[in-house]
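**Student:** Take this structure, written in structure tokens, and hold onto it; I'll ask about it next.
Just so it is clear, none of the values below were taken in a lab; they were calculated from the coordinates. Predicted, not measured: the structure shown is a model, and the values here were computed from it. With ideal geometry, Cβ positions are generated from the backbone for all residues, glycine too; neighbour counts draw on all protein chains shown.
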Amino acid sequence: MLEKNKAHEAVNSAPSKTDLAKLCTSPRCRIEDSIAKIDATGLYYRDLSLDLRHLVHAGIKKIELYNVCGQRYIGTSLKGDIEITISGTPGNDLGAFMDGPKIRVYGNTQDGCGNTMNSGEIIVNGSVGDIPGYAMRGGRVFIRGNVGYRAGIRMKEYGARIPSIVVGGTAGDFLAEYMAGGTIVLLGLNLEARQFHKSMHVGTGMHGGRLYVHGKIAGLASEAVLEELTSEDLSRLQQLVTDFSRHFRYDPAQILDREFYKICPGSGRPYGGHYAY
Amino acid sequence: MLKSYLYPEFYVERDLNKCIRCKVCVRQCKYETHKYDAEDDVIISDNEKCVNCQRCVVFCPTRALTIRKNPVAYKENFNWTQDAIVDLKKQAETGGIVLTGMGSSKQNLAYFDRILLNASQVTNPSIDPLREPMELVTYLGSKPDKVEVNQDTEAISLHTKLSPQLRLESPIMFSAMSYGAISFNVHQALAQAASEFGTYFNTGEGGLDKRLYKYGQNTIVQVASGRFGVHKDYLDVGAAVEIKIGQGAKPGIGGHLPGEKVTSDISRTRMIPEGTDALSPAPQHDIYSIEDPSQLIYALKEATDYRKPVSVKIAAVHNVAAIASGIVRAGADIVAIDGLRGATGAAPKVIRDNVGIPIELAVASVDQRLRSEGIRNSASIVAGGGIRSSADVVKILALGADAVYVATAALVAMGCTVCQKCHTGKCPWGIATMDPYIAKRINSDIAKERLLNLLKGWSLEIKEMMGGMGINAVDSLRGNRLALRGVGLTATKLKVLGLRMAGD
Amino acid sequence: MDLSGQRFGSKDPVNAIANMHDRGNGLGGGFAVYGLYPEFEDEYALHIMYTDMEAKRNVEAQLERWFDLLKSEEVPSREANVLDPPIVWRYFAHPKRIHSTQSPDNYVVEKAMRINTETGKAFVFSSGKNMAVFKGVGYPEDVADFFMFEEYQGYMWTCHGRFPTNTPGWWGGAHPFNILDWTVVHNGEISSYDANRRYLEMFGYNCTMQTDTEVLAYAFDLLMRKQRLPIRIVSSILAPKLWSEIDKMDEQDRELYTTLRATYASLLINGPFSIFVARHGEMIGLTDRIKLRPMIAGTKGSKLYISSEESAMRLVSPVLNRCWAPRGGEPVVGRLGSSQVQCVLTQEAAVC
């Protein structure tokens, strides 16, 4: 019997603030100073997600999750000015389709972090898995450690909506594949002297957006070119590095002191010549 | 000569409003179809002579010409077809064998059109060849059953030595077309295109003109029954040597280059008197039994110091699987199979259309037979005979071939319109002719560009199809029958092809 | 895997795989356990499933002819949330009457292939010594429940939850796949399956389990056991380097990798995959060369963990000494008795 459509009760009306304690299905949920704290041990992701929706609907703006271990889609379907702090290892698709909230993770995340994110912020004190920021449309992701394969794949931008991903460490292959917009910053802070990013096929299919990189890259795709940073690039980089440093307690001046170069698309139509008649 | 009872196959339609009497058509046609009548200032066309090669149509600057098929005047008859009646009348006139050129045009013989390809969805992602690596590199030659390495301490070094191989950037090669059947400029274009692209062209049975020796690294030199142009330098210059035992268009019979096409260049290359017919005997006269190919194969390996792979080309006939097995055991590094729909410069029509089996069935049974005998690794299979598109290439690779030979496709790329008159030596496109006046119509550089475009275009398409199937290396397509399904085929046909029915 | 060889119980493996419950659809789950039968260390522990008693009788008659059976018993089980369980028995066996030119291992492989192909109603789950494969149609935690895992201890466990698509879920089709003491669990789909299968058939391996993963077990047996190739070479065969990389190598390396690719072209495993391969004393994790499936590794003390998701590792060991994401096509190897986990050819992206 397929259980995929197991019904969950709809959230009908906002319960009164006095009923806040009854909002969570999790037995280990309490509210202190308007901050909801949930111990997610053994909690199924759908139940956790329902709790989050109930809490947000009731007006809670700050939520702390403990002992998270593999629950997916945390932050998905949430809108607005919410802050979620996670301790543990969230599961796949953290903040997928998210629109507005700010999530902070103390630990590593898995695949799909920020998948098709619309706006908001994800800050990870650790590393992330594969395809972070896939099809990202807006918002910012800051990662202290490394990203896996295909980071920022298919990122987009329009007008002032420019998503960004800032990576403190290094990246796997196919970084910025298909990139159509947005900004990725690769800081290489954990690279030792004369080491380089082992990433191959960086920027395949790139036709928009930009990367600011410190540290040599092993394999650049033919669609991408290296350039110097313009003054506009520099100010954008400065802003992102400053925010990154604030989140993880680095000295921004020290980071910005290093050499950066830009990777951007060689052409807007890299495959125009491939088709006939 | 008896009177011909035949009417013209084609007729020329000229739009007199558009015709500007530039006489390009008069000059271009080698069959003397068009004549300019100065008195009436008009161009008259003799329909008897037209073979529908489309040369005048393409070159007419005002597009005034259309060649139409003369509608069948005979009463409709599916048994006594127009074709059957016409051939019979030709024979009654002449008492000779009706000759033709190119490959069989009969309907219902192309199994490619009943085979469909897979694409990956959901369970397996399709791969985008423009952005992710997609590998077509192919090595042809004998492979060992295993590789041995030396492992002392940390370093691992190779112990096994691979036997000589051909490396192809894409699994497409130009098949054998003899110098004499086609002009020097065409041979040169094939050599140059193969060289620039990273594949090979086959000299065919007419030897190799010395001016093309510089492309030797991308040349497969053929040793056919007439042994034309076969000498030490010739064997040394090629990257591989191919023994021609048969040809798909005319299994069982030899080659025939009419005296008209034996010019001084041909005389020099083939070492036969000018103007005589160049005849290749039916069998190789030192191969009368299964143990003989082994002798010839090793003779050639000795003559080339064991530095080159030796290929054996056979026609696809009824016991092709057994023959292929024997040839592999006889020491061949490559088995080239030429199917029923393969083309030729000249062959009896009745043999071209009736003798042999389609390449799809041949490859399927040879590949399966070699595997069940455990010897599939000992030789690569190259398939030819009417490969028309990149889809045909993908299908034949999935049936079990390592690479394909194309010839008709290459000629079409250079201008050929498959009018089937190669044996007359009057090809107005300058391809199947040795007449120096018209052979000039092929500019090697331009022809080479067209061939390169063919190779590039097909390679891109093959990558798209492979990507669609979720594979990124041609190694995973080879022999992968599950990538194919049959449609409109009986259970027996599916069994021979080793395929499942679409939907199954 | 506990690299020191210390055996441990099923709690951690089962909890870890259960944490990834949503990756499967309940139509397949399975485990391989190594070091399970120390009292029968030298016997081949044949675990065979039967769809009916007649099949069992027929196969047992053959087993009597082929082997000396020290012990034969039904594998203990209880009612659990699994679908249509077959009869599963285990036999501790010594080959009988072997030809002098044949090794006992090859003898057992041949007999296992015969059982799998001859009846259509009996299939060998595993044929190695001092190890076993338990698998079936149900979520892995339910399969563990069915086979009463509380009793078992092993120094190495591999676990798998299946989401079958191309072929129906059936007891023989769950992972791990096995030949002798090789087991393979696999995430992904092998798009080169038919090319791989038809190559392996030339060497006497018959694919009968209707699942693409089967070719991996046989490929490892052929390359590592029969041809004695080291893991570094084997991963270069299954997940080879791209020609664009090979063409840039120095001459010696170029010749090595070209020879490997040309010879073993039909064993290139195409399609996304992440596999965990195990045999006594060794656990190997490998992904396809463009890493389309996830794989992450971690160590804590003498324990090595390899998983599709980090959270599964963290559940059983919240603190890890090392935690990293291996590169596509480069194997992670754990060896018994070795305190270092070899990350062959890889610089791990050290994280924690």
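**Student:** Would you mind computing Rg(Cα) / (2.2 N^0.38 Å) for the range B:10-100, counting N as its residues?
**Tutor:** Here the Cα radius of gyration is 1.32 times the empirical estimate.
**Student:** Moving to a separate point now. What is the magnitude of the charge dipole of chain A about its Cα centre, with +1 placed on the Cβ of each Lys and Arg, -1 on the Cβ of each Asp and Glu, and no other charges, expressed in debye to the nearest 20?
**Tutor:** 340
**Student:** When the convex hull of the C-alpha atoms of the protein assembly as shown is computed, what volume per residue in Å³ does it have?
**Tutor:** Working: hull volume 257.9 nm³, N = 1133.
About 228 Å³ per residue, rounded to a whole number.
**Student:** Hull surface divided by four, with the convex hull built on the Cα atoms of the range B:426-474: how many nm²?
**Tutor:** Value for the range B:426-474: 4.5 nm².
**Student:** Would you mind calculating the gained length between B:D113 and B:N79 on full extension (0.36 nm times residue separation, minus the Cα-Cα distance), in nm to one decimal?
**Tutor:** Using 0.36 nm per residue and subtracting the Cα-Cα distance, I get 9.8 nm.
**Student:** Using 27 Å as the Cα-Cα cut-off, could you pick out the over-long pairs in B:K463/C:K248; B:K244/B:K308; A:K79/A:K262; B:K395/C:K121?
**Tutor:** On the way: B:K463/C:K248 22 Å; B:K244/B:K308 16 Å; A:K79/A:K262 33 Å; B:K395/C:K121 35 Å.
Result: A:K79/A:K262; B:K395/C:K121 exceed 27 Å.
**Student:** State log₁₀ I(q)/I(0) for the range C:154-281 at q = 0.10, 0.17 Å⁻¹ as given by the Debye formula over alpha-carbon point scatterers of equal weight, solvent excluded.
**Tutor:** With no solvent term, the Cα-only Debye profile gives -0.33, -0.90.
**Student:** Tell me, what is the FRET efficiency for C:I87 and C:Q153 to the nearest 0.05, using R0 = 25 angstrom and their Cβ-Cβ distance as r? Don't skip to the answer; put the middle values down first.
**Tutor:** Working: r = 25 Å, r/R0 = 1.00.
The pair C:I87/C:Q153 has a calculated efficiency of 0.50.
**Student:** Further question on the same structure: By the 4.7 Å beta carbon criterion, which cysteine residues of chain B come out unpaired?
**Tutor:** B:C19, B:C22, B:C29, B:C50, B:C60, B:C416, B:C422, B:C427
**Student:** Compute the acute angle (0 to 90°) between the alpha-carbon long axis of helix B:82-94 and the principal axis of greatest extent of the alpha-carbon atoms of chain B; round to the nearest 10°.
**Tutor:** The helix B:82-94 is inclined about 70 degrees to chain B.
**Student:** Taking the square root of 5 times each eigenvalue of the Cα gyration tensor, what semi-axes in Å does the equivalent ellipsoid of the range C:34-96 have, largest first?
**Tutor:** For the range C:34-96, the semi-axes come out at 22, 17, 7 Å.
**Student:** May I ask you to evaluate 6.51 cos²θ - 1.76 cosθ + 1.60, the Karplus curve with θ = phi - 60°, for each residue of the range C:40-47 and list the ³J(HN,Hα) values in order in whole Hz, giving x for glycine and proline?
**Tutor:** Going residue by residue, I get 10, 3, 9, 9, 6, 8, 7, 10 Hz, with x marking Gly and Pro.
**Student:** How charged is the neighbourhood of C:M53? Take every other residue with its Cβ under 14 Å from the Cβ of C:M53, and add Lys/Arg as +1 and Asp/Glu as -1.
**Tutor:** Cβ neighbours under 14 Å give a net charge of -1.
**Student:** Shifting gears a bit: With the dipole of chain A worked out from charges on the C-beta (+1 for Lys and Arg, -1 for Asp and Glu) around the Cα centre, which of A:I38, A:T183, A:T204 lies farthest toward the positive end?
**Tutor:** A:I38
**Student:** Check B:K106: other-chain or 5+ apart residues with amide H under 5 Å from its amide H, H built from backbone geometry?
**Tutor:** Residues meeting the amide H criterion: none.
**Student:** Other chains' Cβ within 10 Å of C:253-265 residues: what's the mean?
**Tutor:** Details: counts 3, 0, 4, 7, 1, 6, 11, 5, 5, 14, 9, 6, 12.
What the average comes to for C:253-265 is 6.
**Student:** Something else now. Tell me, what HN-Hα J-couplings in whole Hz come from the Karplus equation 6.51 cos²θ - 1.76 cosθ + 1.60 at θ = phi - 60° for each residue of the range B:435-450, using x for Gly and Pro?
**Tutor:** 4, x, 5, 8, 4, 5, 5, 8, 8, 3, 5, 5, 4, 4, 4, 5
**Student:** Could you check how many percent of all C-alpha pairs in chain A are farther apart than 30 Å?
**Tutor:** Percent of Cα pairs beyond 30 Å in chain A: 33.
**Student:** Give B:K210/B:K261; B:K143/C:K241; B:K313/B:K456; B:K161/C:K241; B:K89/B:K349 a once-over and call out the pairs whose C-alpha atoms are over 23 Å from each other. Present the calculation step by step, with values, prior to reporting the outcome.
**Tutor:** Working: B:K210/B:K261 19 Å; B:K143/C:K241 19 Å; B:K313/B:K456 26 Å; B:K161/C:K241 20 Å; B:K89/B:K349 14 Å.
Violating the 23 Å Cα-Cα cut-off are B:K313/B:K456.
**Student:** Any idea what Rg and Dmax come out to for the range B:441-504 if you just take the C-alpha atoms, in Å?
**Tutor:** In Å, with Rg to one decimal and Dmax whole: 17.3, 52.
**Student:** Follow-up question, since we're still on this one. I'd like the per residue volume of the convex hull spanned by the Cα atoms of the range B:301-341, given in cubic angstrom.
**Tutor:** Expressed per residue, the convex hull around the Cα atoms of the range B:301-341 is 62 Å³.
**Student:** 5 Å is the cut-off here: which amide hydrogens, built 1.01 Å from N in the peptide plane, fall below it relative to B:I471, excluding neighbours closer than 5 in sequence?
**Tutor:** B:I127
**Student:** Please tell me the relative contact order of chain C in percent, rounded to the nearest whole number, where contacts are Cα pairs under 8 Å and at least six residues apart.
**Tutor:** 21
**Student:** In degrees from 0 to 90, rounded to the nearest 10, what is the angle of the helix B:184-197 Cα long axis to the longest principal axis of chain B?
**Tutor:** That works out to roughly 30 degrees.
**Student:** Hey, another quick one. Whose amide H sits under 5 Å from the amide H of C:Y152, counting only residues 5 or more places off or on another chain, with H placed in the peptide plane?
**Tutor:** It is C:S10, by chain and number.
**Student:** Rounded to the nearest 0.05, what FRET efficiency do A:L234 and A:Q254 have when you use their Cβ-Cβ distance and R0 = 22 Å?
**Tutor:** Numbers: r = 16 Å, r/R0 = 0.74.
After rounding, the FRET efficiency stands at 0.85.
**Student:** Mind putting a number on the dipole of the range A:32-100 about its Cα centre? Charges go on the C-beta only, +1 for Lys and Arg and -1 for Asp and Glu, and I need it in Debye to the nearest 20.
**Tutor:** Result for the range A:32-100 is approximately 180 debye, rounded to the nearest 20.
**Student:** Taking θ = phi - 60°, what integer Hz values does the Karplus form 6.51 cos²θ - 1.76 cosθ + 1.60 yield along the range B:39-50, in sequence order, with x for Gly and Pro?
**Tutor:** Karplus values, whole Hz, x for Gly and Pro: 4, 8, 6, 8, 9, 9, 10, 9, 4, 4, 8, 6.
**Student:** Going 7 Å from the Cα of B:R167 toward and past its Cβ, which residues in the range C:229-273 have a backbone nitrogen under 14 Å from where you end up?
**Tutor:** C:242-263
**Student:** Just want the answer: with Cβ charges of +1 for Lys and Arg and -1 for Asp and Glu, which residue in C:I87, C:S100, C:F146 is farthest toward the dipole's positive end in the range C:54-158?
**Tutor:** C:S100
**Student:** Here's a follow-up. Assuming a ≥ b ≥ c are the square roots of the Cα gyration tensor eigenvalues, decide whether the range B:62-114 counts as rounded (a/c under 1.5), prolate (otherwise, with a/b larger than b/c) or oblate.
**Tutor:** Taking the square roots of the gyration eigenvalues as a ≥ b ≥ c, the range B:62-114 is rounded.
**Student:** Continuing with the same structure: Between A:Y275 and B:N17, what's the calculated FRET efficiency when r is the beta-carbon distance and R0 is 30 Å? Round to 0.05.
**Tutor:** Working from the Cβ atoms, E equals 0.25.
**Student:** What dipole magnitude, in Debye to the nearest 20, does chain C give about its Cα centre under +1 on Lys/Arg Cβ and -1 on Asp/Glu Cβ?
**Tutor:** 540
**Student:** Along the charge dipole of the protein assembly as shown, which of B:Y215, B:I44, C:T51 sits closest to the positive end, that is, farthest toward it, with unit charges on the beta carbon of Lys, Arg, Asp and Glu (+1, +1, -1, -1)?
**Tutor:** Comparing the listed Cα positions along the dipole, B:I44 ranks first.
**Student:** Summing -39500 (n - 2.57) over the DSSP H runs of n ≥ 4 in chain C and dividing by its residue number, what mean residue ellipticity at 222 nm do you reach, to the nearest 500 deg cm²/dmol?
**Tutor:** -7500 deg cm²/dmol
**Student:** How big is the equivalent ellipsoid of the range C:8-343 along its three axes, where each semi-axis is √(5λ) from the Cα gyration tensor, reported in whole Å from largest to smallest?
**Tutor:** They are 30, 25, 19 Å, listed largest first.
**Student:** Related question: State the three equivalent ellipsoid semi-axes of the range A:127-268, derived from the C-alpha gyration tensor as the square roots of 5 times its eigenvalues, in descending order and whole Å.
**Tutor:** Over the Cα atoms of the range A:127-268, the ellipsoid semi-axes are 20, 17, 15 Å.
**Student:** Taking a temperature of 25 °C and a viscosity of 0.890 mPa s, what whole-number D in µm²/s does Stokes-Einstein yield for the range C:60-125 with Rh from Kirkwood over alpha carbon pairs?
**Tutor:** Value of D from the Cα-based Kirkwood radius: 181 µm²/s.
**Student:** Ok, one more. Rounded to the nearest 500, what is chain B's calculated 222 nm mean residue ellipticity when only DSSP H runs of at least 4 contribute -39500 (n - 2.57) each, over all residues?
**Tutor:** My calculation for chain B gives -8500 deg cm²/dmol from helical runs alone.
**Student:** Could you please tell me the mean projected area of the C-alpha convex hull for the range B:306-450, averaged over all directions and given in square nanometres to one decimal?
**Tutor:** The orientation-averaged projected area of the Cα hull of the range B:306-450 comes to 10.2 nm².
**Student:** Follow-up. For the Cα atoms of chain B, what angle does the longest principal axis make with the long axis of helix B:291-303, in degrees from 0 to 90, nearest 10?
**Tutor:** 80
**Student:** Can you quote the Å³ per residue value for the convex hull of the Cα atoms in the range A:32-100, rounded to an integer?
**Tutor:** 71
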